[in-house]
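Working notes, structure below.
The values are calculated or read from the model by the stated rules, or taken from the named source; none is laboratory data. Because the structure is predicted, anything quoted here is derived from the model rather than measured. Because the Cβ atoms are built from the backbone with ideal geometry, glycine has one as well, and the counts that use them run over all protein chains shown. Keep in mind that these areas ignore ligands, DNA and RNA; they rest on the heavy atoms of the full protein, side chains included. Shrake-Rupley method; radii C 1.70, N 1.55, O 1.52, S 1.80 Å.
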Amino acid sequence: MPTLARTQLIDHLDRYLAAHDGRDYGPNGLQVEGRDQVSRVALGVTASHAFLEQAVAWNADAAIVHHGLFWRGSGELRVERSLRARLKLLLTHDLTLLAYHLPLDRHPEVGNNAVLARRLGAAELEPAFPYEGLPVGVIARFAAPLPVGDLVRRIAEVTAREPLTIAAGPAQVQRIGIVTGGAANLIQDAARLGLDLFLTGEPSEPAVHIAREEMIHFVAAGHHATETFGVQALGEHLAHVFGLDVRFIDVPNPV
């Protein structure tokens, strides 16, 4: 089984994902240092205790997630309760933890937004929805307009869940905005861009009213469900480039 130095894995991912470009809500890249050599990599959406337990059971050397352990603006950092339990699991089993948040949203090849757009059948992608000077989402264009009901069914099939849909836009859709996760507040920007539909993960109360008043479709397909794509694509990338043994571990989340 191919083996890679931990430092080499980190350096490659930091460069490939442009991990340190722009600001984010938390640190990207290495969060917890584990063993020196890596051959098995577990991938998941969130570094929850349930995910980490399964990674350890699989004998992973490193874990890569979209949502890590540490976030800016979350108040005073105290290593207690659930955070202590997660860290204990990582340190006891010498498991490296890497987290990539916005870099894994915006990446043009393995990013959550780009992969989801391609899975939905989009013909053209354009970076959009800037945060601190860098785009966090995409505008996706379909080769031909399609009925909004058909697109919503595609979204349900690709994300494996029935989305919350506020059908307030045109009968036919062609240009849509996608920002996975929790980005309902960006629906106003989508309306300003003249898009037919805005797709994100979590809904919000104001977004419903804005969708109706701006006459744009709003679809919330789940924070977790819309962000399973990036880490899986990143795992495929690592398997292709380095021959590492990778496994996506899904811990279902209804949100």
Helices (runs of 4 or more DSSP H) wholly inside the range 1-98 that include at least 2 residues being touching a residue at least 60 places away in the same chain (Cβ under 8 Å): 6-16, 49-57
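Please work out if residue 55 is farther than 22 Å from residue 12 by Cβ and crowded, with 22+ Cβ neighbours inside 10 Å.
Against the criterion (farther than 22 Å from residue 12 by Cβ and crowded, with 22+ Cβ neighbours inside 10 Å), residue 55 does not qualify.
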Any hit, the range 73-83, residues being at pLDDT 95 or above and of a type outside the set (D, E, K, R): yes
Residue that is least open to solvent (accessible area, probe 1.4 Å) [pool: residues in the range 14-52 that are of a type in the set (Phe, Trp, Tyr) and more than 16 Å from residue 93 (Cβ to Cβ)]: 16
Residue 67 open to solvent by less than 70 Å² (accessible area, probe 1.4 Å) and either closer than 20 Å to residue 229 by Cβ or hydroxyl-bearing (Ser, Thr, Tyr) (or both): yes
Residue that is surrounded by the fewest Cβ atoms within 10 Å (Cβ to Cβ), among those in the range 176-193 that are touching a residue at least 40 places away in the same chain (Cβ under 8 Å) and under 11 Å from residue 220 (Cα atoms): 182
Every residue from the range 219-243 that is open to solvent by less than 10 Å² (accessible area, probe 1.4 Å), assigned to a helix (DSSP H, G or I) and β-branched (Val, Ile, Thr): 226, 231
Pairs, first under 23 Å from residue 209 (Cα atoms) in the range 145-171, second in a strand (DSSP E or B) and open to solvent by 20 Å² or more (accessible area, probe 1.4 Å), C-beta under 8 Å, six or more apart: 147/172; 148/172; 152/165; 171/147
Residue match in the range 234-247 (condition: farther than 19 Å from residue 115 by Cβ and without any contact (Cβ under 8 Å) to a residue 60 or more places away in the chain): no
Counted residues, the range 197-209 - those being free of Cβ contacts under 8 Å to residues at least 40 places away in the same chain, open to solvent by 10 Å² or more (accessible area, probe 1.4 Å) and either charged (D, E, K, R) or under 27 Å from residue 160 (Cβ atoms) (or both): 3
Residue within the range 127-137 that is surrounded by 24 or more Cβ atoms within 10 Å (Cβ to Cβ), within 15 Å of residue 177 (Cβ to Cβ) and touching a residue at least 24 places away in the same chain (Cβ under 8 Å) present: yes
Considering residues of the range 144-175 that are polar (S, T, N, Q) and in contact with a helix residue (DSSP H, G or I) (Cβ under 8 Å, 6 or more places away or on another chain) only, the residue most open to solvent (accessible area, probe 1.4 Å): 172
